[in-house]
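The values are calculated or read from the model by the stated rules, or taken from the named source; none is laboratory data. Since we're looking at a predicted model, the values are computed, not measured. Cβ sites come from the backbone with ideal geometry, for glycine too, and all protein chains shown count toward neighbours. To get the accessible areas, we keep the full protein, side chains included, count just its heavy atoms, and leave off ligands, DNA and RNA. Shrake-Rupley method; radii C 1.70, N 1.55, O 1.52, S 1.80 Å.
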Amino acid sequence: MTWRRTKVGNIASVSYGFTAKASFEVSGPKFLRITDIQNDRVEWTDVPYCSIGDKDHSKQKLLNDDIVFARTGATTGKSYIVKAPPNAVAASYLIRLRVKDPQVLPDFVAKYFQTEEYWRHVNAGVSGSAQGGFNASKLSNLAISLPPLPEQKRIVAILDEAFEGIDAAIANTQANLAASRELFDSYLDRVFANRDGNWTEKKLEDLCKKITVGHVGSMAKRYQSRGIPFLRSQNVLPFCISLKDVKYIDEKFNSELKKSELHPGDVAIVRTGYPGTAAVIPESLSMCNCSDIVIAKTKDQLSPHFLTIILNSTFGRKLVQANLVGAAQKHFNVTAAKNALVPLPNIIKQQEIIEQADKILHETRRLEIISNKKLDALHELKQSILAKAFRGELAQEEIAA
């Protein structure tokens, strides 16, 4: 069977969406944004409206089987095939593709936009762009291999059947993962909901030897390929310091930043982004420094591990939100941290809570590892099937097996 190789622009029109202001209060066409596309579906009742003139509306209106793409930001390349849309247009930071060739099935093209080959082109296009995006011209110039129309229909039918089972398994695994995390969160909620009269409430500054902030300033020219780990907000996860993509500084610069040095037992608290997220510096990090992170050194009456339990709990997140400062970008600064009122049992009770939390957290992380491995395997299976499909090697009996 002969497959033809052609550019996307030869089989479809490619254009940008409409520039408008989204509103939930005015009527008009729905204004589809990339954030409205979740888990490969759109809840149209949650999509805002926009105002648009008749001429632009006739040109921009989304039709059944249109494919839209994110062209900028973290979701660049993400696509969605529109099915039975209401009166709607796409936002300007989306690209709209409309198949024009009667010998090409839109669903077959949409499946191609899930393949690793497609994503390699997207990533290459993004890295080669001054704006860091993937524009309509690059999409039009993408090459795609197409079998005859009957074969396209056969392949799509097989993929839909196979993906239905895989997607159900993915959804079930994600639900189990969410449930395991909720189990830990619910334990922390109970801790703070069931406080008795033996708990006290004190300002965090009265429970700490020192509360300060990491280095604030330009760092781009100070990073080294090796040296002393230099933590940023993204390295502080709930209850865990992650060294993924960690930066390094040399000893000389570190000696100039004594105020922002971190030591085992210190509590690192995210200041901006996900403010309040906290972790204790482990013994394995005997020397490290940091940027734009609140550092708390607790006194004997407050365990650093209990402080992270407070801050990472639902109770703590509300506490942090109530103390955020800043207009354009909210952050949890040193003054806010010092003034936060912290609920406190005695140190023995703190240790009991810490030990129980550690057990539940350990089990939660074990289940997360299992679930994430399963998710990786399911995604790899999906990509393997897609790769075979677009090499023309997909047989019904093989997928069924």
Next item on the list: Go through region 1-74 and tell me which strands (runs of 3 or more DSSP E), entirely inside it, have 3 or more residues that are touching an Asp or Glu at 6+ places or on another chain (Cβ under 9 Å) and modelled with pLDDT of 90 or more.
Entry: none
Notebook entry, point to check: Looking only at residues in region 330-345 that are at pLDDT below 95 and assigned to a loop (DSSP other than H, G, I, E, B), which one is farthest from SER291 (Cα to Cα)?
Noted result: ALA340
Item checked: In region 104-148, the residues that are aliphatic (A, V, I, L, M), open to solvent by 30 Å² or more (accessible area, probe 1.4 Å) and at pLDDT 95 or above -> LEU105
Next item on the list: Output the residues belonging to region 369-394 that are of a type in the set (Asp, Glu) and either in contact with a His (Cβ under 8 Å, 6 or more places away or on another chain) or in a helix (DSSP H, G or I) (or both).
Entry: ASP376, GLU380
Check: What number goes with the only condition from (1) open to solvent by less than 60 Å² (accessible area, probe 1.4 Å); (2) within 30 Å of MET1 (Cα to Cα) that LEU311 does not pass?
Finding: (2)
Notebook entry, point to check: Only one of these conditions is not met by ARG226: (1) surrounded by 21 or more Cβ atoms within 10 Å (Cβ to Cβ); (2) in a loop (DSSP other than H, G, I, E, B). Which number is it?
Noted result: (1)
Check: Do we have LYS297 as in a strand (DSSP E or B), out of contact with any Phe, Trp or Tyr (no Cβ under 6 Å at 6 or more places or on another chain), under 19 Å from CYS208 (Cα atoms) and not β-branched (Val, Ile, Thr) here?
Finding: yes
Check: Only one of these conditions is not met by ALA327: (1) at pLDDT 95 or above; (2) exposed (fewer than 12 other Cβ atoms within 10 Å of the Cβ). Which number is it?
Finding: (1)
Next item on the list: Report whether or not SER92 is polar (S, T, N, Q), open to solvent by 40 Å² or more (accessible area, probe 1.4 Å) and farther than 30 Å from GLN174 by Cβ.
Entry: no
Next item on the list: Scan region 197-214 and give yes if some residue there is surrounded by 15 or more Cβ atoms within 10 Å (Cβ to Cβ), of a type outside the set (Asp, Glu) and assigned to a loop (DSSP other than H, G, I, E, B), otherwise no.
Entry: yes
